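What follows is a set of notes on a single structure, which appears directly below.
Only the coordinates and a few stated rules stand behind these numbers; no lab work does. Treat the numbers as computed from the prediction; the structure is a model and nothing was measured. Reconstructed Cβ throughout: ideal geometry from the backbone, glycine too, with neighbour counts over all protein chains shown.
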Amino acid sequence: MPTAKPKLLSIENLKVRRSRDFCLDITKLSLPAGRITCLVGANGSGKTTLMETITGLILPDEGRVSVAGLDPFSDDRAVKANLGFVPDDDGWIIAELTAREYFNLLIAIYGKAGLKADLKQRVEELTKKLLFNSFDQQLGSLSHGNRRKVQLVAGLFHQPRLVVIDELRNGLDPVAAKRAEDLLKEVVKTGSTILAATHDLWWAERLSDDLLVIKDGRIILQAKTEVVKSQAGSVEAKFMELYEL
């Protein structure tokens with residue numbers, strides 16, 4: 001009998017109230033190691049709230065979140081070593097730093113004794129795969145696509161066990177997008193888990209192993225993507241059915 005893969009993300013009885021009209025409400029959710037899960041839902045359905053809660057940016061009103069067996073709110077430093085986050089905004093940017101300075105800062109933050117050389121090598125590998133070479137340009141002056149590449153490197157270079165990504169393809173040209181997708185496939189082969197939020201249902205169908213559909217703050221479907229396709233014909237058809245469109 002095959003051994004069950006460990007759960008790198010586990011959520012129980014989670015409630016996050018963002019307003020009088022909206023509450024993220026997830027009774028139970030877990031993601032196993034070594035798989036890509038795409039999170040899809042309409043605007044305002046709770047995707048961003050869920051991602052920000054998982055990454056420790058929003059404190060839940062109730063419930064429990066576990067990342068690689070750790071609490072992101074009480075084990076902050078340990079969780080950051082196991083977690084990579086690629087947001088879909090530029091709020092993270094230190095505009096005055098060059099890309100090289102930014103990467104060196106990250107290496108200094110994450111690099112333990114004797115590991116900084118390994119992290120530097122990992123940054124070099126990732127930037128090469130993503131065709132990024134604007135190391136001496138300030139982050140604030142980079143194109144949207146190049147800033148996106150920097151974000152992706154920052155989310156992956158320390159080899160986290162759980163990677164949370166919001167709209168990976170935004171800003172990337174077709175070549176960079178394909179290379180980024182190939183990177184994600186390499187990451188899960190090492191046993192890490194990826195949770196990728198997207199509005200692109202075709203991309204979700206093509207890339208994901210598993211699918212999460214969120215509506216009005218609740219997960220209304222968690223299933224293997226291949227099962228969804230075999231039963232509904234496509235991820236888009238299933239999404240439209242669930243949203244009654």
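Applying D = kT/(6 pi eta Rh) to region 11-145, where Rh is the Kirkwood radius over alpha-carbon pairs, T corresponds to 25 °C and eta to 0.890 mPa s, the Stokes-Einstein value obtained is 141 µm²/s. For region 64-209, the calculated P(r) over all alpha carbon pairs, in 10 Å bins from 0 to the bin holding the longest distance, is 11, 41, 37, 11, 0 percent. In whole Hz, with x marking every Gly and Pro, tabulate ³J(HN,Hα) for region 151-160 from phi via Karplus 6.51 cos²θ - 1.76 cosθ + 1.60, θ = phi - 60°. Computed from phi, the couplings for region 151-160 are 4, 5, 4, 4, x, 10, 5, 8, 6, x Hz. Comparing Lys15, Lys128, Lys47 in a Gaussian network model of the chain (Cα springs below 10 Å), the most mobile by mean-square fluctuation is Lys128. Estimated purely from DSSP H runs of n ≥ 4, each contributing -39500 (n - 2.57), the mean residue ellipticity at 222 nm for the chain is -11500 deg cm²/dmol once divided by its residues. Using the alpha carbons alone, the radius of gyration of region 89-151 stands to its Kirkwood radius in an Rg to Rh ratio of 0.97. Label reach from Ser10 (point 7 Å along Cα→C-beta): in region 24-50, amide nitrogens under 19 Å belong to 26-35. A viscosity of 1.567 mPa s and a temperature of 4 °C, combined with the Kirkwood radius over Cα pairs in Stokes-Einstein, give a translational diffusion coefficient for region 28-78 of 105 µm²/s. Given the options Val65, Val228, Val164, state which has the largest fluctuation in a GNM of the chain using a 10 Å cut-off (strictly under) for Cα springs. Of the options given, Val228 has the highest mean-square fluctuation. In region 138-245, the C-alpha radius of gyration followed by the widest Cα-Cα span (Dmax) gives 15.3, 49 angstrom. For the chain, the mean projected area of the C-alpha convex hull, equal to one quarter of the hull surface, is 14.5 nm².
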